[in-house]
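Structure record follows, encoded as structure tokens.
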Amino acid sequence: MKYIVEPRKNAHGEITVPGDKSISHRSVMLASIAEGTSNVSGFLEGEDCLATMNAFRQMGVQIDRVGEGELTIHGVGRNGLTQPNKTLDLGNSGTSMRLLTGLLAGQSIHTELVGDGSLMKRPMRRVCDPLSLMAANVSTSEDGTPPVLIRPVDHLKAITYELLVASAQVKSAILLAGLYAQGTTSVKESKITRDHTERMLESFNYPLEVKDGCVSVEGGKQLQATDIQVPADISSAAFFIVAACIADQGEITIHHVGMNPTRTGVLDILQQMNANIEIHNQEMMGGEPTASITARASQLKGIDVPTHLVPSAIDEFPIICIAAACAEGVTRVSNAEELRVKESDRISQVAKGLTTLNIKVDEFADGLAITGGELSGGVIESGHDHRVAMSFAVASLRANSNIEITDCQNVATSFPGFVEFANSIGLSIHVI
Ligand code: S3P
């Protein structure tokens, strides 16, 4: 599937984007191993979260879809998952694979986790190494990539682990294994990563301690079913925030956006770039802060992206780079080598794409420098990466001719309905 995107100048609208991907995954995982029935609303029905849902169905959990984005999950309790009769195929979803590896390490079933071409190339030792320290029996292929094989063990050992990479997936995998370990498992992080697992464990009434960048859980307790309202995904909202900012005339409001402070780096970065962003209607939604965001046409300027903001904006760099291409001056992103091991190598994929659109880009091992300028049209390879595809569609608000984007089918992994939302605010995307 490819997109042909015609140039447009203006972007206007008021929208609510689909539910948060990270929170949707965790809602299914925790509700499945809780005691009792949980109801989830605002669940993201993208392929990644559906892969998580199907994996739990394969392990005997009854999950009823009772409406759009509404699930009733009949928890089987912490030891109630049953042996699946085939491999668990997690598609494109790194979050599913890494968190499940942790959660399944303490179960008495055998599992094998696989995925699509991109996921089968992604590094898994970052989770399997610490889990092995907990005496889990988890293995990868020789080069540290999937399939991940998980075998039952008698006991998991609690550990104290300092994260080597700033990764919420690794932190979460260890904490989920920690639910099954004897003693207290602690994860220390020097760079703060998203804390949805911690917040949701608290919602399921699981005791946990967070202190000075260290999260601790004691193994052996029960999770109690609860109802979860999933806020709109700030990572999806980001495409429309940038769309409004780079448009000639732009004003877009997005409602109920998740504003967890471990996720709002994109707003801080864009505001430092002089983006006109207003935050209003702040409220709490099931343990997570939310707000409406209004973004308006802005004279963006280049900045050196502060490195402490990198983890809290990690998924937004493709669209931040589009903003940078439309800004006056140079924007430098550094300390962001993790971008090379996402759904694609996002540093190289974005650098190639912007170069095609006539923008000057210097690529480094851990980031890139983008000099803002006039965007041409051209053919962009998305590298099968959903966020790269959506970002270059937004770039059409500044391009002087058509942008054609290849391999866009994976947009459905995180943002079902993206094309309809985008066309409703003024883009002109044709799906071929
Ligand atoms: C996620 C964590 C991040 C992020 C991913 C979702 C999560 O990955 O990029 O899209 O839900 O925990 P890392 O943990 O690899 O940084």
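The values are calculated or read from the model by the stated rules, or taken from the named source; none is laboratory data. All figures in this text were calculated on a predicted structure; none of them were measured in a lab. As a convention, Cβ positions derive from the backbone with ideal geometry for all residues, glycine included, and neighbour counts pool all protein chains shown. The protein model used for the area step is the full one, side chains on, heavy atoms only, and it has no ligands, DNA or RNA in it. Shrake-Rupley method; radii C 1.70, N 1.55, O 1.52, S 1.80 Å.
If I filter region 304-351 down to residues being open to solvent by 20 Å² or more (accessible area, probe 1.4 Å) and away from the ligand (no atom under 16 Å from the Cβ), which single residue comes out as nearest to V388 (Cα to Cα)?
S348
In the list P18, P7, which residue meets the criterion of being more than 17 Å from T226 (Cβ to Cβ) and touching a Phe, Trp or Tyr at 6+ places or on another chain (Cβ under 9 Å)?
Values: P7 fails: touching a Phe, Trp or Tyr at 6+ places or on another chain (Cβ under 9 Å).
Answer to the selection: P18.
Anything in region 185-202 that is without any contact (Cβ under 8 Å) to a residue 60 or more places away in the chain and open to solvent by 40 Å² or more (accessible area, probe 1.4 Å)? List them, or say none.
Correct list: K188, S190.
Among the polar types (S, T, N, Q) and surrounded by fewer than 15 Cβ atoms within 10 Å (Cβ to Cβ): is that true of Q62 in this structure?
Considered against the rule, which asks whether it is among the polar types (S, T, N, Q) and surrounded by fewer than 15 Cβ atoms within 10 Å (Cβ to Cβ), Q62 comes out as yes.
Looking at region 234-241, is at least one residue surrounded by fewer than 24 Cβ atoms within 10 Å (Cβ to Cβ), in contact with a helix residue (DSSP H, G or I) (Cβ under 8 Å, 6 or more places away or on another chain) and of a type outside the set (S, T, Y)?
Scanning region 234-241, I find no residue that is surrounded by fewer than 24 Cβ atoms within 10 Å (Cβ to Cβ), in contact with a helix residue (DSSP H, G or I) (Cβ under 8 Å, 6 or more places away or on another chain) and of a type outside the set (S, T, Y), so the answer is no.
From the residues in region 119-131 that are in a loop (DSSP other than H, G, I, E, B) and in contact (Cβ under 8 Å) with a residue 40 or more places away in the chain, which one is surrounded by the most Cβ atoms within 10 Å (Cβ to Cβ)?
If we take residues in region 119-131 being in a loop (DSSP other than H, G, I, E, B) and in contact (Cβ under 8 Å) with a residue 40 or more places away in the chain, then R122 is surrounded by the most Cβ atoms within 10 Å (Cβ to Cβ).
Quick one: would you say A247 is open to solvent by 10 Å² or more (accessible area, probe 1.4 Å) and either among the aliphatic types (A, V, I, L, M) or modelled with pLDDT under 95 (or both)?
no
Of these, A34, A51, which one is within 16 Å of the ligand (Cβ to nearest atom) and either of a type in the set (G, A, S) or assigned by TED's automatic domain parsing to the domain that holds G287 (or both)?
Exactly one residue qualifies, and that residue is A51.
Name the single residue that is least open to solvent (accessible area, probe 1.4 Å) among those in region 132-163 being more than 15 Å from the ligand (Cβ to nearest atom) and within 28 Å of R263 (Cα to Cα).
I159
What pairs come up if the first residue lies in region 171-184 and is without any contact (Cβ under 8 Å) to a residue 40 or more places away in the chain, the second is more than 16 Å from the ligand (Cβ to nearest atom) and part of a helix (DSSP H, G or I), and their beta carbons are under 8 Å apart, counting only those six or more places apart or on different chains?
none
Within region 71-80, identify whether any single residue is touching a residue at least 24 places away in the same chain (Cβ under 8 Å), under 18 Å from I23 (Cβ atoms) and open to solvent by less than 10 Å² (accessible area, probe 1.4 Å), and answer yes or no. Steps first, answer last, please.
Here is the first cut: in region 71-80, the ones touching a residue at least 24 places away in the same chain (Cβ under 8 Å) are 71-80.
Narrowing further to those that are under 18 Å from I23 (Cβ atoms): 71-73, 75.
In the following step, the residues that additionally are open to solvent by less than 10 Å² (accessible area, probe 1.4 Å) were identified as 71, 73.
Checked region 71-80: at least one residue is touching a residue at least 24 places away in the same chain (Cβ under 8 Å), under 18 Å from I23 (Cβ atoms) and open to solvent by less than 10 Å² (accessible area, probe 1.4 Å).
Of all strands (runs of 3 or more DSSP E) completely enclosed by region 164-259, which ones contain at least 3 residues that are among the β-branched types (V, I, T) and more than 16 Å from the ligand (Cβ to nearest atom)?
249-258
Filter region 273-288 for residues that are surrounded by fewer than 17 Cβ atoms within 10 Å (Cβ to Cβ) and out of contact with any Lys or Arg (no Cβ under 9 Å at 6 or more places or on another chain); which is nearest to T226 (Cα to Cα)?
Residue satisfying both the conditions and the ranking: M284.
Does L103 qualify as being within 19 Å of S172 (Cα to Cα), over 16 Å from the mean Cα position of the chain (by Cα) and either among the basic types (K, R) or within 14 Å of the ligand (Cβ to nearest atom) (or both)?
Yes.
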